[in-house]
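Have a look at the structure below, then the notes.
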């Protein structure tokens, strides 16, 4: 089973891929959330749903003869389902678990394709790069250092060699995405266009009375965040393009 670090790789890629079309979804969710809040006041909080994993096969998918197992799928699906269930509790909307299972499987296939491509290219991962990656992962888990992270993973049954190997894979993936993305530095024009779009949306929300009225930050105050957002978006688009290209030439079977 690809454990904690591979799960983090999957989730980090999922965030990148979702960023491609995330703006429209966020708007819909915001609108639905407003309606759901009104319904919730009338009928009370919705009961927390449970993930349905009974029909998941032992081998969920095969990607170029590499198996994605039920255990790998369940780890990712449960994490995603928990987020969706919390949202469903607030909005009152039902979760389409069949659709979510397909999306989760597709995400895992995309991740496996990226992992395979990163390992197939002539990338190296130095001890320094591996240590920096582990320290970054440790910070994400609110641990003091990479040594603390390794100790925590060893307590969960992972061997140190496995942790180091998977961290090296993450380094290679980072290099692959950076190479495919090219120059992601946004121009001043792109930053100002993104700010104008955000400002218009915020002003419209304030006008419509959606939630508490919020002051629109200035361009200078938001510039750093906008720069990060646009960089992530460009990386997401490049990653999705690469996944699509790899999928065309890959032997992929999904058993859901």
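Residue-wise test of (1) in a helix (DSSP H, G or I); (2) over 16 Å from the mean Cα position of the chain (by Cα); (3) within 26 Å of residue 253 (Cβ to Cβ); (4) at pLDDT below 85.
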position: 9; (1), (2), (3), (4): yes, no, yes, yes
position: 33; (1), (2), (3), (4): yes, yes, no, yes
position: 49; (1), (2), (3), (4): no, yes, no, yes
position: 57; (1), (2), (3), (4): no, yes, yes, no
position: 75; (1), (2), (3), (4): yes, no, yes, yes
position: 100; (1), (2), (3), (4): yes, no, yes, no
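So which residues in segment 179-209 are under 17 Å from residue 231 (Cα atoms) and not in a helix (DSSP H, G or I), if there are any at all?
182, 183, 184, 185, 186, 187, listed by residue number.
Tell me, which residue of segment 117-131 that is assigned to a helix (DSSP H, G or I) and free of Cβ contacts under 8 Å to residues at least 60 places away in the same chain is nearest to the chain's Cα centre (by Cα)?
118
Given the conditions (1) closer than 29 Å to residue 198 by Cα; (2) modelled with pLDDT of 75 or more; (3) part of a helix (DSSP H, G or I), report the number of the one that residue 13 does not fulfil.
Here residue 13 meets the rest and fails (2).
Go through segment 61-73 and report how many residues are outside any loop (DSSP other than H, G, I, E, B) and in contact with a helix residue (DSSP H, G or I) (Cβ under 7 Å, 6 or more places away or on another chain).
So the answer is 6.
Which is under 22 Å from the mean Cα position of the chain (by Cα), farther than 25 Å from residue 78 by Cβ and assigned to a helix (DSSP H, G or I), of 134, 153, 149, 176?
The match here is 176.
Could you say which residue among 117, 112 is buried (at least 16 other Cβ atoms within 10 Å of the Cβ), at pLDDT 85 or above and touching a helix residue (DSSP H, G or I) at 6+ places or on another chain (Cβ under 8 Å)?
117
The values are calculated or read from the model by the stated rules, or taken from the named source; none is laboratory data. Since this is a predicted model, take the numbers as computed values, not measurements. Please note: Cβ atoms are built from the backbone with ideal geometry, for glycine as well, and neighbour counts cover all protein chains shown.
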